[in-house]
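Asks: Got a structure here, written out as structure tokens. Questions coming.
Read the figures in this text as sums done on the coordinates, not as results from a lab. Just so it is clear, the structure is predicted and the values come from calculations on it, not from any experiment. With ideal geometry, Cβ positions are generated from the backbone for all residues, glycine too; neighbour counts draw on all protein chains shown.
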């Protein structure tokens, strides 16, 4: 079945090349243009239809989701369960994109994998606890994975190695390479690790309670404790940061070993790029932009201004802050919101313009499946 499909794809490649005679935007003197693309979109629309849209709009890079939060593989994997039997979205995209010069990056979600957790519940992330659990920690049941899990990190590394050994992708792109909130993770292993480091976990839990759950909760309490140098809070935050940095470094080493010239990149939450929200980012996500500058060859801060209730100018602020923190040697593709009812032509065009004017080397649109004629037109005008 794969063979017949591939023969059809090879025929389509020739048709696409004749039809478009397209060169990537960067080759035309424009900024790099990337899109995040779900594997499910490729499976439903077909690689040839997807790449037709990419080529028409001068897309240079595709971050193709090959393992998302469900934990299913959109490539031919001997390790992870398939998203759909006898489907290979990555292979199909590679076959059509390479002749057109469109770069494909394999996009992996890190800290959430429902299929893996169903088999390994011991690696689940644990919540601080809510009123319905008498504020006792409890195991998450939605597929969230503890970033401290060595077994899951090994599983991730195996998949990265598998992709790089079997597909000629240009890059590995990480997402969810962070904690989702300050309330994670209070699994037994984390509690023991923190205790061994001399951290009072009870003190950390107390400050989180005072921040989020007390009748007179102060939503800034945890950040204030961190900024004022509370020893236990600072040590806890640094422990989580070290885990995120260590996991990324491990995956980078595996990727480099499998393919020395691989582009190792990541999507970053935007708050860490800005001085006034940096503590927020460290306390919630354990994600440091300074670390990112040492770990990644390319970063994509997700400056989705409409979701954050910000103006397009904020996108430029995020881009400038990112460039300053990661260093001038690390290219920045500013992540632009291209989804939701408010993401009209002006919103998309102004966000792109703000990011590029601030010095970003490229734009990353989230996501291909939500793009329409109006949004593509906005992108084209912004890149002129």
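Asks: Give the residues of region 31-66 whose amide nitrogen is closer than 20 Å to a point set 7 Å from the Cα of residue 86 in the direction of its Cβ.
Replies: Residues passing the 20 Å test: 40-48.
Asks: Once each part is reduced to its C-alpha centroid, what is the distance from region 355-381 to region 54-82 in angstrom?
Replies: 20 Å
Asks: Please report the antiparallel percentage of the DSSP beta bridges confined to the chain, to the nearest 5.
Replies: If I count the DSSP bridges inside the chain, around 15 percent turn out antiparallel.
Asks: Report the label-to-label distance for residue 70 and residue 329 in nanometres (one decimal), using points 7 Å from each Cα along the Cα→Cβ vector.
Replies: Between residue 70 and residue 329, the simple spin-label model gives 4.1 nm.
Asks: Could you tell me how far the Cα centroid of region 179-202 sits from the Cα centroid of region 222-285, in Å?
Replies: Here the two parts' Cα centres lie 16 Å apart.
Asks: What spacing in nm lies between the two simple spin-label points modelled at residue 370 and residue 311, each 7 Å away from Cα in the Cβ direction?
Replies: Simple spin-label model gives 2.3 nm for this pair.
Asks: Taking the Cα atoms of the chain alone, what are Rg (to one decimal) and Dmax (as a whole number) in Å?
Replies: Cα only, the chain: 21.4, 67 Å (Rg, Dmax).
Asks: Taking the Cα-to-Cβ direction at residue 120 and at residue 253 and moving 7 Å from each Cα, how far apart do the two end points lie in nm?
Replies: If labels sit at residue 120 and residue 253, their model points lie 1.7 nm apart.
Asks: Based on the Kirkwood radius over alpha-carbon pairs, what is the Stokes-Einstein translational diffusion coefficient of region 33-189 at 25 °C with 0.890 mPa s viscosity, in µm²/s?
Replies: 148 µm²/s
Asks: In Å and whole numbers, how far do the C-alpha atoms of region 197-256 stretch along each principal axis, longest first?
Replies: 50, 22, 18
Asks: Could you tell me the largest-minus-smallest coordinate of the C-alpha atoms of region 232-365 on each of the three principal axes, in descending order and whole angstroms?
Replies: Rounded to whole Å, the extents work out to 42, 40, 26 Å.
Asks: Which residue fluctuates most in the GNM of the chain (Cα springs below 10 Å): 203, 367, 240?
Replies: For the chain, modelled as a Gaussian network with Cα springs under 10 Å, the answer is 203.
Asks: In addition: If a paramagnetic tag sat 7 Å from the Cα of residue 196 along the Cα-Cβ line, which residues of region 229-259 would have the backbone N under 18 Å from that point?
Replies: 235-247
Asks: Determine the gain in length on full extension of the stretch residue 166-residue 381; use 0.36 nm per residue of separation and subtract their C-alpha separation, reporting nm with one decimal.
Replies: Details: separation 215, 0.36 × 215 = 77.40 nm, distance 3.78 nm.
The residue 166-residue 381 span can extend by a further 73.6 nm.
Asks: Among 163, 275, 62, which one shows the highest mean-square fluctuation when the chain is modelled as a Gaussian network with alpha-carbon springs under 10 Å?
Replies: Residue with maximal mean-square fluctuation among 163, 275, 62: 275.
Asks: Working from Cα positions, state the angle (0 to 90°, nearest 10) between the long axis of helix 312-326 and the longest principal axis of the chain.
Replies: The helix 312-326 is inclined about 80 degrees to the chain.
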